[in-house]
């Protein structure tokens, strides 16, 4: 399928900010693809955790575009963030499968790792668990 050959599109933005686009030419094809994405959601979440963990270990850096632009330097603490668990099942809450989040706190520079509620931030979001 070329980029412009599809007629229908459904887009999902995950709580982590990743975008998933499902494109099809007919309603029947879209229905099949939407069912399929549900079957692949654990694998999608697993790959997302691996990418986030890899980024936390070695963030992407770009070279300076001009001589006057200083290159980005990371001030990561010596203690590494906790990598995502390798379990095949995520803990759940009333809103569904939790999302593993890890990184370094901007406030105090300490690493963090927890399972977050998939519900967008707000009053109805469950408390994170370790």
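Does residue 56 count as at pLDDT below 75, closer than 21 Å to residue 130 by Cβ and surrounded by 12 or more Cβ atoms within 10 Å (Cβ to Cβ)? Give the derivation first.
Values: at pLDDT below 75: yes; closer than 21 Å to residue 130 by Cβ: yes; surrounded by 12 or more Cβ atoms within 10 Å (Cβ to Cβ): yes.
Yes.
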Notebook entry, point to check: For the stretch 11-46, how many residues are over 17 Å from residue 97 (Cβ atoms) and either in contact with a helix residue (DSSP H, G or I) (Cβ under 6 Å, 6 or more places away or on another chain) or surrounded by 14 or more Cβ atoms within 10 Å (Cβ to Cβ) (or both)?
Noted result: 6
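Among the residues of the stretch 1-46, how many are within 21 Å of the chain's Cα centre (by Cα) and in a strand (DSSP E or B)?
So the first thing to find is which residues in the stretch 1-46 are within 21 Å of the chain's Cα centre (by Cα), and the list is 9-23, 33-46.
Imposing the further condition that a residue be in a strand (DSSP E or B) reduces the set to 9-13, 19-23.
Here the count works out to 10.
For the condition loosely packed, with under 12 Cβ neighbours inside 10 Å and either under 13 Å from the mean Cα position of the chain (by Cα) or at pLDDT 85 or above (or both), what is the one hit in 109, 122, 103?
Values: 122 fails: either under 13 Å from the mean Cα position of the chain (by Cα) or at pLDDT 85 or above (or both); 103 fails: loosely packed, with under 12 Cβ neighbours inside 10 Å.
Just one listed residue meets the conditions, 109.
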Margin query: Of all residues being modelled with pLDDT of 85 or more and assigned to a strand (DSSP E or B) in the stretch 79-96, which is farthest from residue 50 (Cα to Cα)? Just the residue, please.
Written below: 93
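The values are calculated or read from the model by the stated rules, or taken from the named source; none is laboratory data. All values reported here derive from a predicted model rather than from experimental measurement. FYI the Cβ positions are ideal-geometry reconstructions off the backbone, even for glycines, and counts take in every protein chain you see.
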